[in-house]
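Okay, so here's the structure we're looking at.
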Amino acid sequence: MSVDLVGFLGVVLLAYVVPGPDFLVVLRSATEHPAKGRAAALGAQSGLCVHMLAAAVGLSVVAARSPVIYDAIRLGGAGYLVYLGVRAVLAARRAARPRGAQRQAIAPVVTGGGGSGSRWRSGFRQGLLTNVLNPKAALFFLSVLPQFVHGGGSPGRQIFLLGILDVLIGVAYWFGLVAVAARLRALLARPAIRHRWELTTGWLFIAVGAGVAVAA
């Protein structure tokens, strides 16, 4: 395979370092429970796999060239981010109740209540939908990856292998973020800090969703 791996790795690492919707989802999930954070990370990368496979069969080209399809995906993703934000803001309001009710409201979040299975499904679903409904992820595989493909081999095969490398790098990056974010759980056990955290992440989700909705 003849590709510009050095340039590709630099672009991929920069893309992961710059926070996006998937960063918020993984970070917030990890502060609820490390297992949920890892599930969100795997879901986010599975979403990238969907775009990668779509690009391989040409579906992403159709979506990118059709304003209606592109806008539908963009608005769907924006709506989902706003939905996550509203849920977080409502959780912050519940955390602001009197001390007795407050303690009851935040306990499931801090301890990761609901069972390991439900935590995993919730985290994976949030990560998956966040990236599947992100048209910029599709455009990355259509416009960025081909720039690092050189002649002398099958372009489709090279793009597929670069996509796999991108996904694996992302898994390692997200799992590292989960390990760091999980250390915040003890701090977030304090009601006042939990309240501010829920409000901050909630409004960030809403702001990002609004930005995606109005983006050209």
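Side notes on the structure shown:
- Residues being within 17 Å of the chain's Cα centre (by Cα) and either surrounded by 17 or more Cβ atoms within 10 Å (Cβ to Cβ) or under 14 Å from Pro21 (Cα atoms) (or both) - total across region 76-92: 11
- Annotation: of all residues in region 107-150 being part of a loop (DSSP other than H, G, I, E, B) and open to solvent by 40 Å² or more (accessible area, probe 1.4 Å), the one that is modelled with the lowest pLDDT is Gly113.
- Criterion: surrounded by fewer than 17 Cβ atoms within 10 Å (Cβ to Cβ) and in contact (Cβ under 8 Å) with a residue 24 or more places away in the chain - qualifying residue of Leu14, Leu27, Leu42, Leu9: Leu9
- Phe205 being assigned to a helix (DSSP H, G or I), open to solvent by less than 50 Å² (accessible area, probe 1.4 Å), touching a residue at least 40 places away in the same chain (Cβ under 8 Å) and among the aromatic types (Phe, Trp, Tyr): yes
- Taken over region 169-196, residues that are open to solvent by 50 Å² or more (accessible area, probe 1.4 Å) and in contact with a Ser or Thr (Cβ under 8 Å, 6 or more places away or on another chain) amount to 2.
The values are calculated or read from the model by the stated rules, or taken from the named source; none is laboratory data. Worth saying up front: this structure is predicted, and the values here are computed from it rather than measured. Glycine gets a Cβ as well: all are built from the backbone with ideal geometry, and neighbour counts include every protein chain shown. SASA here: full protein model, heavy atoms, side chains in, ligands and nucleic acids out. Shrake-Rupley method; radii C 1.70, N 1.55, O 1.52, S 1.80 Å.
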